[in-house]
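The values are calculated or read from the model by the stated rules, or taken from the named source; none is laboratory data. Computed from a prediction, not measured in an experiment: that's the story for all the values here. So basically every Cβ, Gly included, is an ideal-geometry build from the backbone, and we count neighbours across all protein chains shown. Note: accessible area is taken over every heavy atom of the protein model, side chains too, but ligands, DNA and RNA are not part of it. Shrake-Rupley method; radii C 1.70, N 1.55, O 1.52, S 1.80 Å.
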Number of protein chains: 2
Amino acid sequence: MKNCVIAQSGGPTSVINASVMGLLKKNNEISYFDIVYAGINGIEGILNEDFFDLGQLSDEEIETIRYTPSAALGSCRYKLKNYEDSKEEYRKLFEIFRKHDIKAFFYAGGNDSQDTVRKLAAYAKEHEIDMNFIGIPKTVDNDLQVIDHAPGFGSAARYIATSVLESYLDSMVYTNNGVFITETMGRDAGWLAASGALATYNGRRCADIILLPEVPFDEEKFLQRVEEIYKEKNHVYIVASEGVRLKDGSFLAATKAHAHDSFGHAQLGGAGNALKNIIVSAGVTSRVKVLELSTLQRSAFHLASEVDLLEAFRLGERALLMAKDGETGKVSILVRKSDEPYEVEYTSTDASSIANHVKYMPLDMVTEDGMNITEEALKYFRPLTGKLPEYRVIHHFHEK
Amino acid sequence: MKNCVIAQSGGPTSVINASVMGLLKKNNEISYFDIVYAGINGIEGILNEDFFDLGQLSDEEIETIRYTPSAALGSCRYKLKNYEDSKEEYRKLFEIFRKHDIKAFFYAGGNDSQDTVRKLAAYAKEHEIDMNFIGIPKTVDNDLQVIDHAPGFGSAARYIATSVLESYLDSMVYTNNGVFITETMGRDAGWLAASGALATYNGRRCADIILLPEVPFDEEKFLQRVEEIYKEKNHVYIVASEGVRLKDGSFLAATKAHAHDSFGHAQLGGAGNALKNIIVSAGVTSRVKVLELSTLQRSAFHLASEVDLLEAFRLGERALLMAKDGETGKVSILVRKSDEPYEVEYTSTDASSIANHVKYMPLDMVTEDGMNITEEALKYFRPLTGKLPEYRVIHHFHEK
């Protein structure tokens, strides 16, 4: 018997299941492995021998799971330690692999997962175990190195841009509007917040201000800009990453949100509520609404991007072929050949080049004042989300 | 010249523009009025003679606006006073109507707007002014009397049910899950929160608990149920209306959310955060996430319900015909003939029967423990949202 196991790790996305089904369908086609097992709840479940034979799935079930958000195999927050610190665990894991005739392990996840791939491949090599360890990338945050963009990001960006557009139209219907703040995920990198710049209405950006973790938050400059825009339009729309930071690297959410909370309950206030406090305290207006997109941005499949779905599927297919070709300690990735027409090439890279790195937004994508995204930069984002809705309102004609 | 004006009032919805375009297209077809004006920003804008001739719109623009969320004509929070308290305003308003040869006024809005229709119709009758005042209903809250359901509700319910389903799948991927709370709009009536019951996965409801303003919140019973479910499944999904109240009628959000906030900043915490405080304080688990759907539930057009869109359009068409037939002080409404197959009849009712009333959830729609919706009641909801996505995950098979 020659079997394999595939597992998912970290936060869910809208397309991580497409990757798993891509791998499964490719194996059904070429019958390379006898059994493709799902490892339930990532490495944590594998250590408990919690396997599910994916060969049981009908074609219809495969198609349904392919188009299901979140982690269909279950996920885990478990980070595999170094071999030196966890010898017993490695021994147990490889014993389970041997027991089930598992010759390849596929791990779909972010940079922690790719680190697991790297460690296991190194262990196998050192112990002369003939197994392939292959990573399949995913993360809505888009903070993976080497790969052009992480599967899951395009769908999350589409959800964010659409939600920015629709909440923008909602927030500007009165003669006396206020400030609307949408908070996105992205603790370290600003890719998700930046995708709010894709939302346009009547050819203009909806988001007046976009705040990223990569640009240190300057309260004075920020307030000045908010007041300026508010005076001009009676309405300000802000997109802020949860990871907005001060110059000293501390999170804005941690320092400002519980300024008014004697018990220090920071969980009540993220970056959005911190910005609200700043704006209200400065007396700009008391009419400030905060929208936290929360987990919907990573699992709202109904707005999944077609490109994202297809790419995730292909990266899964390709991971299988990589194992067949004898690769190990590698990640199935894509690189971009062209923005327009959009074209990518599927290839692979060392897991070590992705593991434990973070891909930040390059500062040349940010406008000079540090509070928005350049038009040029949007060429990177547009093909990933696909077309956004086009709306029209009338009272806008009357806007000063 | 025989002109008319149509205006929008109150909070936006996904389909209020469809009503306006329904009226406009019907007039383009039968050429009853010479000009259909939009009153920009409701009665507030009309008092400033802020009109827009809708005849300027191309067919393509009409179609785009029909499928645009929020209030395309702008809205207002302005409540027209009684004639006795505001004679000068009434005089001015009717002078503006006369000046622009306006023979009919259409107001799309909730029960405040229908109250305006009632007042203006009564004034016109008393002063022998030959004008028609017709209301077009809308409100995501679905708290309007007489009409089977309010346009805007079906789309909001579809957004909520889809978001409950997708965030449910996201919230249960780990072996150690927690409590997930989704907060919906609905300050007085629980229709929106109740629509979370439509979200099903593998034939079971996603929402374990649904809390409505109509059922007084019983902290002890609530905690007992949460602990029970948490023990059984390691995961609890709660949908709560923003209007959840205690026995004495006070809002849960107002009493519990700032229990920990010495400055009393109630705006930080709605009902969802109040429930989180209760669960965490009781020591059930500290893993509690809150999702506030905020304004997206009323303006996320990308999930608008087809039935809702069509009905809103037809109610607009019919409002025009009502004016042509000489009706005044009336509202264009629909009543339900059958759940399955779904069938409605378009008719009209006195504005006074809608104005200043609230349609609460009937308690026979609520399960005996007061914390969910009966299966029977869902027959009312299902035709309004249309079909929801069907998903499938594998780790669920392993759930105890």
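A point 7 Å from Cα along Cα→Cβ stands in for B:N202, and the other copies hold the same point at 5.0 nm, listed in rising order.
By the combined test of axial Cα extent (at least 27 Å) and Kyte-Doolittle hydropathy (mean at least 0.0), the qualifying DSSP H helices of chain B come to B:306-324.
Counts of other chain beta carbons within 10 angstrom of each beta carbon in peptide B:384-395 average 6. For B:K125, the lysines whose Cα falls under 16 Å of its own Cα, not counting residues fewer than eight places away in the same chain, are B:K87, B:K103, B:K330. FRET efficiency for the A:N82 to A:Y360 pair, using the beta carbon distance and R₀ = 25 Å, is estimated at 0.45. Cross-link check: pairs B:K233/B:K359; A:K119/A:K387; B:K289/B:K337; B:K247/B:K359 evaluated at a Cα-Cα cut-off of 31 Å; pairs beyond the cut-off: B:K233/B:K359; A:K119/A:K387; B:K289/B:K337. Rounded, prolate or oblate for segment A:1-115? Axes are the square roots of the Cα gyration tensor eigenvalues, ordered a ≥ b ≥ c, and the cut-off for rounded is a/c under 1.5. Because a/c hits 1.5 or more and a/b fails to exceed b/c, segment A:1-115 counts as oblate. Sequence-distant contacts, meaning Cα pairs under 8 Å at least 6 residues apart, place the relative contact order of chain A at 22 percent. Packing around the peptides A:357-364, B:215-222, B:99-106, taken as the average count of other Cβ atoms within 10 Å per residue, puts them in this order, highest first: B:99-106, B:215-222, A:357-364.
Using the rule -39500 (n - 2.57) for each DSSP H run of four or more residues, divided by the residues of the protein assembly as shown, the 222 nm mean residue ellipticity is -11000 deg cm²/dmol. Residue by residue along A:71-81, Cβ atoms of other protein chains within 10 Å of the local Cβ number 4 on average.
Counting DSSP beta bridges with both partners in the protein assembly as shown, what percentage is antiparallel, nearest 5? Just about 35 percent of them are antiparallel. Each residue was assigned an accessible area with a 1.4 Å probe, and for B:L57 the value is about 20 Å². Considering only C-alpha atoms, what is the centroid distance from segment B:323-400 to segment A:230-256, in Å? If we compute the Cα centre of each part, the gap is 40 Å. Going by the alpha-carbon gyration tensor, a ≥ b ≥ c the square roots of its eigenvalues, is segment B:51-197 rounded (a/c under 1.5) or, if a/c is not under 1.5, prolate (a/b greater than b/c) versus oblate? It comes out prolate by the Cα gyration axes.
The alpha carbon centroids of segment B:41-107 and segment B:179-207 are separated by 36 Å. Summed over all non-identical Cα pairs, the Kirkwood treatment of the protein assembly as shown gives a radius of 27.9 Å.
Name the shape class, rounded, prolate or oblate, that the alpha-carbon gyration tensor gives for segment B:195-238, where a ≥ b ≥ c are the square roots of its eigenvalues, rounded holds for a/c under 1.5, and otherwise prolate holds if a/b is larger than b/c and oblate otherwise.
On the way: a/c = 3.67, a/b = 1.17, b/c = 3.13.
It is oblate, given that a/c is not under 1.5 and a/b is not larger than b/c.
Among B:D115, B:D308, B:D325, the largest mean-square fluctuation in a Gaussian network model of chain B, built with springs joining Cα atoms closer than 10 Å, belongs to B:D325. The simple Förster model, with R0 at 51 Å and r as the Cβ-Cβ distance, assigns A:E95 and B:Y342 a FRET efficiency of 0.30. Distances between equivalent label points of A:S281 across the copies, with each point positioned 7 Å along Cα→Cβ, amount to 2.6 nm, shortest listed first. Quick one: how many Å² of A:E376 are accessible to a 1.4 Å probe, rounded to 10? We get 120 Å² for A:E376. For A:D101, the distances from its label point to the matching points in the remaining copies are 8.8 nm, ordered from shortest, with each point set 7 Å beyond Cα toward Cβ.
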